[in-house]
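Undergrad: My structure is below; once you've seen it, I'll send some questions.
Every read-out reported here was derived from the displayed coordinates using simple, explicitly stated rules and does not represent laboratory data. What you are looking at is a predicted structure, and each value in this text was computed from that prediction instead of being measured. Note that we place each Cβ from the backbone using ideal geometry, even for glycine, and neighbour counts take in every protein chain shown.
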Amino acid sequence: EAQVTQNPRYLITVTGKKLTVTCSQNMNHEYMSWYRQDPGLGLRQIYYSMNVEVTDKGDVPEGYKVSRKEKRNFPLILESPSPNQTSLYFCASSFLGAGSPLHFGNGTRLTVT
Amino acid sequence: SQQGEEDPQALSIQEGENATMNCSYKTSINNLQWYRQNSGRGLVHLILIRSNEREKHSGRLRVTLDTSKKSSSLLITASRAADTASYFCATGSDSWGKLQFGAGTQVVVTP
């Protein structure tokens, strides 16, 4: 089954403790992206990747890192999480960039205390 | 900053009625997409319309795009309770990397 898999589904952590949210897709998509969703703000793009070793900033990249060492994986790294990064995070992929339909994962709800 | 803004923020209708929501954006676009989200789960793609297109249909969905007014509308005909969800428009200024979402329209369809 074609899918985007995020882990974990829920995560509670403390300020400053490094964490990684994993994202994997099995559709051989070139493009992957991370979004955060906050009430009243819709989805805001954090980072995106057009291909292996090619990443770029979205609208809200501060406090986040990404890497794309393999085509299928696009982990999101918070090196020193802060409470303002408490949010619902989504990974998405598409065949060819932002001009083709995105497939979304089921989300990771992160709470930073 | 958000590119697209949906209107209304919330919409409550009865089954069988049509639901219309609008999306306005600020800068020129390459494409505009509509997505549905059920209760905080992952978004599901509905329709993609390119800047040189004016209208697209998919089942009970109809999307229009007016680039002169920088706006799009999504019409759901003959609504069902299962259409209860949040609907988001997303705009891409090119077909490359950035895709910006609006804050969404929350639609409730009552039986």
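Undergrad: Of the listed peptides A:33-41, B:47-55, what is their order by residue-averaged count of other C-beta atoms within 10 Å, with the highest listed first?
TA: Averaged packing, sorted descending, gives the order A:33-41, B:47-55.
Undergrad: With springs only between Cα atoms under 10 Å, which of A:S93, A:S80, A:S67 fluctuates most in a Gaussian network model of chain A?
TA: It is A:S80.
Undergrad: Moving to a separate point now. For A:K57 and B:S39, what does the FRET efficiency come to when R0 = 30 Å and r is the distance between their Cβ atoms, rounded to the nearest 0.05?
TA: Efficiency, rounded to the nearest 0.05: 0.50.
Undergrad: Using Cβ contacts closer than 10 Å as the measure, can you line up A:M50, A:M27, A:M32 from fewest to most?
TA: The order, fewest Cβ neighbours first, is A:M27, A:M50, A:M32.
Undergrad: Quick one: which residues, 5 or more positions from B:T84 or on another chain, have an amide H under 5 Å from its amide H? H modelled 1.01 Å from N in the peptide plane, none for Pro or chain starts.
TA: Residues meeting the criterion, in which the H sits 1.01 Å from N, are B:V109.
Undergrad: How big is the dipole moment of chain B about its Cα centre under a simple scheme where the beta carbon of each Lys and Arg is +1, that of each Asp and Glu is -1, and everything else is neutral? Debye, nearest 20, please.
TA: I would put it at about 240 debye.
Undergrad: If you don't mind, another one. Expressed as a whole number of Å, what is the distance separating the alpha-carbon centroids of region B:1-76 and region A:2-38?
TA: For region A:2-38 versus region B:1-76, the Cα centre distance is 26 Å.
Undergrad: Here is a follow-up. Could you work out the percent of alpha carbon pairs in the protein assembly as shown separated by over 23 Å, rounded to a whole number?
TA: Everything past 23 Å amounts to 46 percent.
Undergrad: Need one value for B:43-52: mean number of C-beta atoms belonging to other chains within 10 Å of its residues' C-beta atoms.
TA: Mean inter-chain Cβ contacts per residue within 10 Å come to 3.
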